[in-house]
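J.: Dropping the structure in here first, questions after.
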Amino acid sequence: MRFFRFVSASFAWVSIALILAATVGCKAQATSPQSAVKSGLGDPALARRVEVMVRSQFNVPAEYDVTFGARKPSNVPGFDSLQITISHGARTTTTDFLLSTDNKSLARLETFDLTHIPSQNIPVDNRPIRGNPAAKVTVISYDDLECPYCARMHQQLFPETLERYRDKVRFIYKDDPLTEIHPWALHAAVDSNCIASQNGSAYWGYVDYLHAHGQDVTGEDRDLKKSYATLDKIALEQGKIFSLDAAKLDACLQKQDETTVRASMKEADSLGVEGTPYLFIDGEHINGALPSEQVWAVIDRALRAAGVEPPPPASQPPPAATLGR
């Protein structure tokens with residue numbers, strides 16, 4: 001099944017920065033503006049109106065070129081197809097537009113494949129699960145163990161959200177350490193995976209601890225070697241609590257194999273994850289540490305779609321009594 005969206009030029013458009021970023025390195029053959037007018041639109045005044053509209057709606061920088069391909073018949077009644085190329089040096093993107101036969105409207109026709117939605121097909125094999133493993137709704141969080149906003153979201157999810165939904169929802173964390181701003185996050189993610197390979201409950205205990213004691217790991221002197229040592233020490237202590245294979249855990253901590261974590265980071269990028277925390281609730285995304293009620297609204301939508309009745313709304317405290325004079 002495919003979903004079609006007809007977008008008028010009078011509506012909001014995607015930022016040109018996003019479009020060009022998605023096609024960096026693609027080099028399409030662009031014609032000059034003058035030849036494009038002759039071969040594509042013919043009417044210089046019409047070409048100028050289309051260019052001005054595209055530049056304004058896409059917020060195209062002045063140094064970028066806007067050129068046109070040939071105008072051709074389309075499958076949409078009342079519209080012709082028109083390829084418009086936006087380029088700057090090696091950065092080039094070509095997009096199919098629709099131009100009305102009366103030359104009064106510019107539009108786009110986008111096609112979305114409903115049979116494959118990446119955010120609804122995130123692999124979660126071998127990831128620790130909190131909640132009911134057989135739940136119909138899954139909350140996947142791309143998490144950074146050094147991120148204070150992730151810590152805030154974590155504290156909202158556990159125990160409050162988990163207790164609210166009980167066996168109706170399962171929670172899964174995936175790694176997306178922001179290494180540019182969080183120097184020990186990658187090491188922490190590797191350590192957490194060493195623990196997860198032996199015991200899921202031990203993994204959650206480690207994550208709980210770091211999200212509650214991140215400043216202790218950072219330390220007052222912000223010595224990265226000390227932070228690494230602290231992370232390993234906490235991991236080994238967690239191993240003792242859950243009776244993990246100490247030798248196996250220690251060997252994993254010493255090896256610091258980043259392969260799995262880096263694969264998760266690459267996966268996050270492919271999904272358009274813009275920062276952490278970043279949640280996918282049965283495919284619908286939440287960017288940032290939003291209030292619990294907003295997170296619950298998304299979970300409730302997913303539950304209803306899965307045929308599961310959400311819990312009743314949280315009870316509101318009674319209004320405070322007003323004293324008369």
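J.: Looking at THR115, THR85, THR94, which one is of a type outside the set (D, E, K, R), outside any loop (DSSP other than H, G, I, E, B) and either within 24 Å of the chain's Cα centre (by Cα) or surrounded by 17 or more Cβ atoms within 10 Å (Cβ to Cβ) (or both)?
T.: Result: THR85 is the single residue among THR115, THR85, THR94 that is of a type outside the set (D, E, K, R), outside any loop (DSSP other than H, G, I, E, B) and either within 24 Å of the chain's Cα centre (by Cα) or surrounded by 17 or more Cβ atoms within 10 Å (Cβ to Cβ) (or both).
J.: Condition first: charged (D, E, K, R) and either under 17 Å from LEU145 (Cα atoms) or assigned to a helix (DSSP H, G or I) (or both). Now tell me which residues in the range 224-256 satisfy that.
T.: Scanning the range 224-256 gives LYS225, LYS226, ASP232, LYS233, GLU237, LYS240, LYS248, ASP250, LYS255.
J.: Then there's this: For the range 3-10, state whether one or more residues are modelled with pLDDT under 90 and hydroxyl-bearing (Ser, Thr, Tyr).
T.: Looking through the range 3-10, at least one residue is modelled with pLDDT under 90 and hydroxyl-bearing (Ser, Thr, Tyr).
J.: Let me ask something else about it. Collect the residues in the range 169-197 that are touching a strand residue (DSSP E or B) at 6+ places or on another chain (Cβ under 9 Å), of a type in the set (Val, Ile, Thr) and closer than 14 Å to GLU258 by Cα, keeping them in residue-number order.
T.: Within the range 169-197, VAL190 is the sole residue that qualifies.
J.: So, one more: Might you check whether a residue that is among the small types (Gly, Ala, Ser), within 24 Å of LEU186 (Cβ to Cβ), at pLDDT 95 or above and outside any strand (DSSP E or B) occurs anywhere in the range 123-146?
T.: Scanning the range 123-146, I find no residue that is among the small types (Gly, Ala, Ser), within 24 Å of LEU186 (Cβ to Cβ), at pLDDT 95 or above and outside any strand (DSSP E or B), so the answer is no.
J.: Being modelled with pLDDT under 90, in contact with a Gly (Cβ under 8 Å, 6 or more places away or on another chain) and either over 25 Å from LEU271 (Cα atoms) or of a type in the set (Val, Ile, Thr) (or both) is true for just one of GLY69, GLY40, GLY89. Which residue is that?
T.: GLY40
J.: Out of the range 62-73, which residues are more than 14 Å from THR95 (Cα to Cα) and surrounded by 13 or more Cβ atoms within 10 Å (Cβ to Cβ)?
T.: TYR64
J.: Take the range 261-315 and flag every residue that is buried (at least 16 other Cβ atoms within 10 Å of the Cβ), of a type in the set (S, T, N, Q) and not in a helix (DSSP H, G or I).
T.: THR276
The values are calculated or read from the model by the stated rules, or taken from the named source; none is laboratory data. Quick caveat: nothing in here was measured; it's all calculated off a predicted structure. No Cβ is skipped: glycine too gets one built from the backbone with ideal geometry, and neighbour counts run over all protein chains shown.
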